[in-house]
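First the structure, then my questions, so here it is.
The values are calculated or read from the model by the stated rules, or taken from the named source; none is laboratory data. Note that the coordinates shown come from a computational prediction; the quantities given were computed from them, not determined experimentally. Cβ: placed from backbone, ideal geometry, glycine included. Neighbour counts: every protein chain shown. For the accessible areas, the whole protein counts, side chains as well, though only heavy atoms, and no ligand, DNA or RNA atoms are used. Shrake-Rupley method; radii C 1.70, N 1.55, O 1.52, S 1.80 Å.
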Amino acid sequence: KVWRLREARLWLLDPPEYYSPAGGFLTFTPPQPLAGPLPPESDPSASSDFDDKYRTGWLVPTALRRSPRLRAHLELVRRHLLALRDALALASVLGRTLVVPRLPCLCDRSEAVTIIPSCVFEASDLELPFHCPISHILDLGRLLRMAGQPGGVPIRESTLLANLLAPRSLAAPGATVRVAIAANASAIAAMRLAGKAALSVATSDAEAKASLGRESRWGSAEVLHLASAEGIFGGWADAASGGGGAAARDRFEQLMRAYVLGGSWCCSSWYKPHGAFDFAEPVSTSALPGGCGRDERVDEETAVCMRTQQRRRAAQRPFEFRYVPARGGSRARDGYFSLEVPSRVAEPP
């Protein structure tokens, strides 16, 4: 409730330092739905017969076949989680507080099975896509607790920079530095020569520090805004972030598992195990091979660095969502379904 009040700019009890944390802010433009018409409300070729435990709803695979909008929503959430994960990695590296933007969604969330197949409540005037509450995708309580952990990233609501309690300097011209995302080293060099802040589509922790860290030209900016965060974090360099790339990766991934990932969409059945859809989680970040992640041009000219990034990008491509009965343990006994993810390996061979 406090988060909702903060987003509405109605919560007045935060101290001044909430609006001006040490290190400044990082923001990003979230992934958007694919261009074109909204997916159809239902697939007429799919069965509409109830097949869950109570015969009043649908098992996960059946509901997914019935609702093209739900399929599109799950893919959009996959992209949101990838962008959020990469933005968190960069915020951690740069020592900044992450402002989570409003996230567009293609399916509302409800424990009432009538949400299937249209993805909106009956008689609702909701228009898709819409900006869904962050709690539709993340466990907000867990996410906010991350800030208190070693290496954890503080989180702020999407409207913070426009809050009247925020320092006026945040709205001043030049307070926000817009960071372009370049496709290759030549484009990065050209942007920087023109006086623009830029990162590559495969930025390592060391390269991010060199480009945007405290000692860089842009280090004192109050707000850094990424044009995109989806798939831009290339991995942990061999001797960056203290303790080596593998150690930095392991610390970060532990935080992601404990405080960020593990969400699901609900529900196509009144019996939750039969109607809960696990979200697709991003492949873990990588510890880069020796010599990689130090200089964008060198990365492009070194075979092992190139192969590492090619494998990372391949592991982040869209895939067909397929859910199968959970195997083993309490999830299997209760009747949950698990997302069957294609073999996706981001580490080099």
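Where residues in segment 170-185 are under 22 Å from the mean Cα position of the chain (by Cα) and of a type in the set (A, V, I, L, M, F, W, C), which of them is most open to solvent (accessible area, probe 1.4 Å)? Can you show your working first?
Of the residues in segment 170-185, the ones under 22 Å from the mean Cα position of the chain (by Cα) are 176-183.
Add one more test, that the residue is of a type in the set (A, V, I, L, M, F, W, C), and what stays is 177, 179-183.
Numbers: VAL177: 20, VAL179: 2, ALA180: 30, ILE181: 43, ALA182: 2, ALA183: 80 Å².
So the residue we want is ALA183.
Kindly indicate which of ALA46, ALA22 is at pLDDT below 95, more than 17 Å from SER264 (Cβ to Cβ) and assigned to a loop (DSSP other than H, G, I, E, B).
Only one candidate qualifies: ALA22.
Restricting the first residue to segment 24-39 and requiring it to be on the phi > 0 side of the Ramachandran plot, which pairs with a second residue that is open to solvent by 60 Å² or more (accessible area, probe 1.4 Å) and not in a strand (DSSP E or B) meet a Cβ separation below 6 Å and a spacing of at least six or different chains?
GLY24/GLU222
State all residues of segment 94-116 that are open to solvent by 20 Å² or more (accessible area, probe 1.4 Å), touching an Asp or Glu at 6+ places or on another chain (Cβ under 9 Å), assigned to a loop (DSSP other than H, G, I, E, B) and not basic (Lys, Arg); if no residue qualifies, say none.
ALA112 - this is the single residue of segment 94-116 that is open to solvent by 20 Å² or more (accessible area, probe 1.4 Å), touching an Asp or Glu at 6+ places or on another chain (Cβ under 9 Å), assigned to a loop (DSSP other than H, G, I, E, B) and not basic (Lys, Arg).
So is ALA280 in a helix (DSSP H, G or I) and surrounded by fewer than 21 Cβ atoms within 10 Å (Cβ to Cβ) or not? Let's see the steps before the verdict.
Values: in a helix (DSSP H, G or I): no; surrounded by fewer than 21 Cβ atoms within 10 Å (Cβ to Cβ): yes.
The answer is no for ALA280.
Something else: Of the conditions (1) under 14 Å from ILE232 (Cα atoms); (2) without any contact (Cβ under 8 Å) to a residue 40 or more places away in the chain; (3) not hydrophobic (A, V, I, L, M, F, W, C), GLU296 satisfies every one except a single condition; which number is it?
(2)
Among the residues of segment 319-330, is any modelled with pLDDT under 95, closer than 19 Å to SER284 by Cα, more than 21 Å from the chain's Cα centre (by Cα) and surrounded by fewer than 16 Cβ atoms within 10 Å (Cβ to Cβ)?
Within segment 319-330 (the criterion being modelled with pLDDT under 95, closer than 19 Å to SER284 by Cα, more than 21 Å from the chain's Cα centre (by Cα) and surrounded by fewer than 16 Cβ atoms within 10 Å (Cβ to Cβ)), the answer is no, since none of the residues qualifies.
Just a yes or no: is a residue in segment 53-74 under 30 Å from GLU253 (Cβ atoms), touching a Cys at 6+ places or on another chain (Cβ under 7 Å) and either exposed (fewer than 15 other Cβ atoms within 10 Å of the Cβ) or not acidic (Asp, Glu) (or both)?
Yes: segment 53-74 contains one or more residues that are under 30 Å from GLU253 (Cβ atoms), touching a Cys at 6+ places or on another chain (Cβ under 7 Å) and either exposed (fewer than 15 other Cβ atoms within 10 Å of the Cβ) or not acidic (Asp, Glu) (or both).
A further question follows. Can you name the residue in segment 189-208 that is closer than 18 Å to THR176 by Cα and part of a helix (DSSP H, G or I) and, of all such residues, is nearest to the chain's Cα centre (by Cα)?
Checked segment 189-208; the qualifying residue nearest to the chain's Cα centre (by Cα) is ALA208.
Now a separate question. Looking at segment 51-69, can you tell me whether even one residue there is in contact with a Ser or Thr (Cβ under 7 Å, 6 or more places away or on another chain) and free of Cβ contacts under 8 Å to residues at least 40 places away in the same chain?
yes
Check segment 320-327 and report whether any residue there is among the small types (Gly, Ala, Ser) and under 30 Å from ILE188 (Cα atoms).
Applying the first criterion (among the small types (Gly, Ala, Ser)) to segment 320-327 yields 326.
Checking the rest, the ones that are also under 30 Å from ILE188 (Cα atoms) come to none.
No: zero hits.
Just to be sure I understand, how many residues within segment 1-21 are in contact (Cβ under 8 Å) with a residue 24 or more places away in the chain, open to solvent by 60 Å² or more (accessible area, probe 1.4 Å) and closer than 29 Å to LEU128 by Cβ?
Result for segment 1-21: 2.
Sticking with this one: Go through the residues of segment 22-39 one by one and say whether even a single one is among the aliphatic types (A, V, I, L, M) and surrounded by 15 or more Cβ atoms within 10 Å (Cβ to Cβ).
Residues of segment 22-39 that are among the aliphatic types (A, V, I, L, M), as a first pass: 22, 26, 34-35, 38.
Adding the requirement that they be surrounded by 15 or more Cβ atoms within 10 Å (Cβ to Cβ) leaves 26.
So far as segment 22-39 goes, yes, one or more of its residues are among the aliphatic types (A, V, I, L, M) and surrounded by 15 or more Cβ atoms within 10 Å (Cβ to Cβ).
Quick test for you: out of GLU300, GLU215, GLU253, pick the one residue that is open to solvent by less than 60 Å² (accessible area, probe 1.4 Å) and either in a helix (DSSP H, G or I) or modelled with pLDDT under 95 (or both).
Details: GLU300 fails: open to solvent by less than 60 Å² (accessible area, probe 1.4 Å); GLU215 fails: open to solvent by less than 60 Å² (accessible area, probe 1.4 Å).
Unique residue meeting the criteria: GLU253.
What pairs come out if I take residues in segment 131-154 that are under 18 Å from GLN254 (Cβ atoms) and modelled with pLDDT of 95 or more and pair them with residues that are open to solvent by less than 70 Å² (accessible area, probe 1.4 Å) and basic (Lys, Arg) whose C-beta lies under 9 Å away, six or more apart or interchain?
From residues that are under 18 Å from GLN254 (Cβ atoms) and modelled with pLDDT of 95 or more, the pairs are VAL153/ARG96; PRO154/ARG96.
Of all residues being part of a helix (DSSP H, G or I) and within 17 Å of LEU90 (Cβ to Cβ) in segment 234-248, which is modelled with the highest pLDDT? Just the residue, please. Working first, answer last.
Step one: filter segment 234-248 for residues part of a helix (DSSP H, G or I), giving 245-248.
Retained after the next criterion (residues that are within 17 Å of LEU90 (Cβ to Cβ)): 245, 248.
Numbers: GLY245: 84, ALA248: 92.
Per the stated criteria, the residue is ALA248.
Please indicate, with yes or no, whether at least one residue in segment 274-292 is free of Cβ contacts under 8 Å to residues at least 24 places away in the same chain and on the phi > 0 side of the Ramachandran plot. Even if it seems obvious, please write down each step before you answer.
First pass over segment 274-292, keeping only residues free of Cβ contacts under 8 Å to residues at least 24 places away in the same chain: none.
Among the residues of segment 274-292, not one is free of Cβ contacts under 8 Å to residues at least 24 places away in the same chain and on the phi > 0 side of the Ramachandran plot, which makes the answer no.
For ALA162, are the conditions met, namely being surrounded by fewer than 19 Cβ atoms within 10 Å (Cβ to Cβ) and of a type outside the set (Phe, Trp, Tyr)?
Yes.
Within segment 139-147, is even one residue open to solvent by less than 30 Å² (accessible area, probe 1.4 Å) and of a type in the set (Gly, Ala, Ser)? Outline the logic, then answer.
First, pick out the residues of segment 139-147 that are open to solvent by less than 30 Å² (accessible area, probe 1.4 Å): 143, 146.
With the extra rule that they be of a type in the set (Gly, Ala, Ser), the set shrinks to none.
No, the conditions are met nowhere in segment 139-147.
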